[in-house]
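Read the figures in this text as sums done on the coordinates, not as results from a lab. Fair warning: this is a prediction, and the values are worked out from it, not measured in the lab. We place every Cβ from the backbone using ideal geometry, glycine too, and count neighbours over all the protein chains shown.
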Amino acid sequence: MPTTIQVHDKHFEILLKQTQIEERIAEMASEIAQDYEGKKPIFLAILNGSFMFAAHLLKTMSIPCEITFVRVSSYQNTSSTGQVTEVLGLRENLSGRNVVVLEDIIDTGVTMSQILPQLASQNPESLEVVSLFQKPEALKCPLNVKYLGFPIENRFIIGYGLDYNGLGRNLGDLYVLKEKV
Ligand code: 5GP
């Protein structure tokens, strides 16, 4: 793939090659496999962004495990100023399970900090977060990300599952929005 691409009206430059991303994911998988040996974890991948990350992580996961996919819906609460985020499509019972949430990127942390209490209310045995990317400078809510692939700068990225207005999810490499010159 070229080092600079255009998606809709914006220009992006390459940040990480697919091979670098997937080497790191394989390392994360072996760390998780060590920690969850004998625990048959259930991975909860958040759609759409985490589909590519989840696929590679699970392919390189050496222990028995389950995976399920959920969506989150986000809307403005009319009776308060806050944003409300709900987990949709979860059919599994998480009670007593070792639950590992798979996220593509943590930005402000608002989404994750609203999802976690909803999952915790089902009384899982354990509940941890894995994120492929995180923008540490953008974090607004205290959040413990147990396994992180790459900390990145506070800039907009696409590729490896992440989109810009619907496009770019299929790119194997990761691209960052070009600064205006
Ligand atoms: P948070 O609630 O942590 O602020 O936002 C998390 C969600 O925002 C991610 O799951 C992702 O959908 C979206 N997001 C945050 N930063 C980026 C980015 O740089 N690129 C893309 N494509 N989505 C992002």
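Please compute the volume of the convex hull spanned by the alpha-carbon atoms of the chain and report it per residue in Å³. Before the final figure, lay out each step's value.
Values: hull volume 23.6 nm³, N = 181.
Here the figure is 130 Å³ per residue.
Starting with the fewest neighbours, write out LEU94, LEU174 ranked by other beta-carbon atoms found within 10 Å of each beta-carbon.
Values: LEU94 19, LEU174 24.
With the fewest neighbours first, LEU94, LEU174 line up as LEU94, LEU174.
How do GLU22, GLU86, GLU179 line up, fewest other C-beta atoms within 10 Å first?
Details: GLU22 18, GLU86 13, GLU179 8.
The most exposed by this proxy come first: GLU179, GLU86, GLU22.
Could you check the simple spin-label distance between GLU92 and GLU153, using points 7 Å along Cα→Cβ, in nm with one decimal?
Inter-label distance under the simple model: 3.7 nm.
Looking at the chain as a GNM with Cα springs under 10 Å, which of GLY82, GLY168, GLY159 has the largest mean-square fluctuation?
GLY82
Calculate how steeply helix 110-120 sits against the longest principal axis of the alpha-carbon atoms of the chain, using the helix alpha-carbon long axis, and give the answer as 0 to 90 degrees to the nearest 10.
20 degrees
I want to make sure I understand the PRE zone here: with the label point 7 angstrom from the Cα of LYS178 toward its beta carbon, which residues in region 1-45 have backbone N atoms less than 14 Å away?
Only 2-15 pass the distance filter.
Just rank LEU116, LEU44, fewest to most, by other beta-carbon atoms within 10 angstrom. Walk me through the numbers before you get to the answer.
Numbers: LEU116 19, LEU44 28.
Result, fewest neighbours first: LEU116, LEU44.
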